[in-house]
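The values are calculated or read from the model by the stated rules, or taken from the named source; none is laboratory data. Note that the structure is predicted; figures quoted are calculated from it, not measured. As a convention, Cβ positions derive from the backbone with ideal geometry for all residues, glycine included, and neighbour counts pool all protein chains shown.
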Amino acid sequence: MLKIDGLHKSFGDLEVLKGIDLSMHKGEVVVLIGASGSGKSTMLRCVNFMEMPTTGRIVFDGKPVGKIHDKLGHVYYVDSDLAQHRAHVGMVFQHFNLFPHMTVKQNVMEGAKTVLKLDKEECEHRAMKYLEKVGLAWKADAYPSSLSGGQQQRVAIARALAMEPALMLFDEATSALDPELVGEVLETMKELADEGMTMLIVTHELGFAYSVADRVMFLADGKILEQGKPEEVLTYPKEERTKKFLRGHGAFRLPEPQLD
Ligand code: ADP
Ligand code: MG
């Protein structure tokens, strides 16, 4: 489904991603953890081409995305290919950015309407279907400002799902929420995972990572330092940097991490 090959990303002189490789199959849930500044968001943003990789390829459903070389070896991305790719990749951010002047339902319809150009009836049908999935059909006609942060984030998830993406990216989807609102969003994400959605998730919620991930990857200094099943990486980390990171997030209620 998704293959990342030798992904490098630099901003000027700053090399943020230093060769990332990742293969994900359909239905797999991969959780990416790592310290602030390690390049997690940059990696997700490269996967849906909100940032252009400096070198390396993103292969989606067997096809390298949007990249052509001319005779001089210059690399271009084809805008229409990138747009098509993005339509297959849903993304949920820390800050939900719903349109304040639109109702919940209109927010969820927007992508299906403007990007997929579906007719109004189909857009409405999809909006209600995915609002129902996140448990917010009853808020369809409300405005975002009248919703709690957790509800707004669930609307943002419904908005991404209404595009019927093949892959969902979550970048610290609960980090901006008050603690008592985190659970409902994680619950919605867990339901999606249980239904077989392919998901690449950045989160600091290690208990959640432990329960939903098929694989956990620890990113440090722009490289994947360690990866494996959650019970391996989160409980029996091998690398010193991973141990240090987990000690700093020591509050999760799991089998005690074996940290020497
Ligand atoms: P994380 O999500 O793991 O906290 P980021 O991917 O946001 O890390 O950032 C990794 C590094 O890349 C940081 O040093 C950050 O300042 C830098 N960075 C991210 N985006 C940009 C940008 N658009 N321009 C310059 N530097 C950036
Ligand atoms: Mg980030």
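Somewhere in the range 44-67, is a residue within 12 Å of ligand 1 (Cβ to nearest atom) and among the small types (G, A, S)?
No, every residue in the range 44-67 fails to be within 12 Å of ligand 1 (Cβ to nearest atom) and among the small types (G, A, S).
Restricting to the range 16-39, what's the tally of residues that are more than 24 Å from D81 (Cα to Cα), within 9 Å of ligand 1 (Cβ to nearest atom) and surrounded by 19 or more Cβ atoms within 10 Å (Cβ to Cβ)?
Number satisfying all stated conditions: 5.
Starting from the range 154-181, keep only residues that are within 16 Å of ligand 1 (Cβ to nearest atom), then list their pairs with residues that are modelled with pLDDT under 95 and of a type in the set (S, T, N, Q) whose Cβ atoms are within a distance under 8 Å, requiring at least 6 positions of separation or different chains.
Matching pairs, first to second residue: L169/N48; D171/Q94; E172/Q94; A173/Q94; S175/Q94; A176/Q94.
Going through G66, G37, G90 one at a time, which residue ends up being at positive phi and either among the β-branched types (V, I, T) or more than 16 Å from ligand 2 (Cβ to nearest atom) (or both)?
Result of the check over G66, G37, G90: G66.
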